[in-house]
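Encoded as structure tokens, the structure appears first; notes follow it.
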Amino acid sequence: MAWTNYQILLALVMVITGSINTLSTKWADGIKSVGKDGSPHVFDHPFFQASCMFIGEMLCLFAFKIIYKIYSLRADGSEDVKELTKGNRHFNPFVLFLPAMCDMTATSIMYIGLNLTYASSFQMFRGSVIVFVGLLSVGFLERVLKKREWIGIFFVIIGLGVVGAADFLAKDTNADNHGRNDIITGDLLIVIAQIITAIQMVVEEKFVTGLDIPPLQAIGWEGLFGFTVLGLLQIPFYYIKAGPPFTSNPNGSLEDAIDAFVQIGHSWQLVFAILGTVISIAFFNFAGISVTKEISATTRMVLDSVRTILIWIVSLLFMGQKFHWLQLLGFVALLYGMCLYNGITCTLMFVKIRAWFVRLRYRNMEEDSIIENRTADLPDDSTPA
């Protein structure tokens with residue numbers, strides 16, 4: 001079945017805003033601005049950036065409230081049947097607190113890793129979540145993985161190893177002048193974060209899925225919890241001393257939110273980068289949920305892979321990354337593994353592509369037939385009146 005214009009728009013929004021979210025965060029990492037010490041330095045504030053991301057997720061809660069209000073004003077029960085608002089809207093929000101804490105921890109670690117490595121590697125290593133979700137679901141959800149899924153996990157592991165080898169063998173440093181050791185450290189931090197993300201997914205499936213909570217509302221509450229807790233944590237983080245490569249702020253602390261605000265105030269580029277993070281994550285979550293509802297979860301996975309390609313291209317063209325053929329090989333292995341795990345095989349892809357061409361061919365034949373019939377129905381000039 002061909003996509004509607006609305007579905008095409010959702011797919012484009014998901015790919016574009018998802019790419020903007022990663023690229024704007026990485027862009028901010030490399031911007032130099034005057035801080036509270038009066039000297040210019042790079043914007044190294046991963047926990048502050050994670051807080052900004054949670055603000056974007058909080059916007060989903062406001063969006064849910066607005067959409068629900070619009071539907072309820074119709075007084076025809078639309079709020080109980082529309083995909084974005086139907087479900088159990090009256091639940092204890094604290095059931096989402098543990099998943100929110102997992103999201104907060106994983107996001108913070110990932111943003112530290114993103115500051116050290118390439119944006120494309122960041123996106124590719126996030127694919128490792130499939131491995132940990134698969135293993136944890138076997139152990140805690142008593143799920144039995146199919147042979148196809150195990151093979152998919154194997155290819156994902158191979159792809160991750162190849163991408164990691166590409167980062168290790170690369171002779172260049174990244175745009176932020178981080179050396180090879182920093183880049184590998186960033187890669188490892190991203191993989192560690194995926195373990196926490198996998199725990200979040202398993203917890204949500206075990207304790208939250210059965211509650212039938214509207215997705216936008218769930219994301220919004222997790223954003224509210226994440227922003228509140230992480231915002232409060234930045235007070236003790238200001239007094240906890242840490243050094244490179246994990247932080248390079250003038251205070252020498254784990255996080256310095258005051259310095260972050262001062263730097264933003266001195267740089268319009270940082271203002272746009274932070275706004276890009278906040279706004280893009282809100283639209284990305286909305287589009288992602290809508291793609292799953294309107295099309296399928298498999299399509300969402302494929303679009304996420306397209307997002308990885310787009311981020312990789314931008315990193316090569318504008319963010320100082322150099323092409324390495326091993327990274328391409330690793331990405332192909334990652335993509336193939338994710339496709340297998342999600343039930344997309346080469347045979348299935350061939351069948352779908354062939355069916356698409358067959359439908360296109362017969363549609364053209366039907367159009368030609370319609371044209372011929374219309375011509376036959378017209379009066380012939382040679383026929384006497």
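Results, tabulated for the structure shown:
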| item | result |
| --- | --- |
| Pairs of alpha carbons in region 1-154 whose separation is greater than 18 Å (percent) | 75 percent |
| Qualifying trypsin sites (Lys or Arg not before Pro) in region 98-188, DSSP loop, other Cβ atoms within 10 Å at most 10 | K171 |
| Sorted peptide list for 106-119, 258-271, criterion being average Cβ within 10 angstrom, highest first | 106-119, 258-271 |
| Over region 77-164, volume per residue of the alpha carbon convex hull, in Å³ | 168 Å³ |
| Cα centroid of region 190-231 to Cα centroid of region 250-327, whole Å | 19 Å |
| Over 29 Å between alpha carbons, listed pairs K26/K69; K32/K322; K26/K82; K86/K206; K65/K146 | K26/K69; K26/K82; K65/K146 |
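Where a number appears in this text, it was derived from the coordinates with a stated rule and is not lab data. All figures in this text were calculated on a predicted structure; none of them were measured in a lab. So basically every Cβ, Gly included, is an ideal-geometry build from the backbone, and we count neighbours across all protein chains shown.
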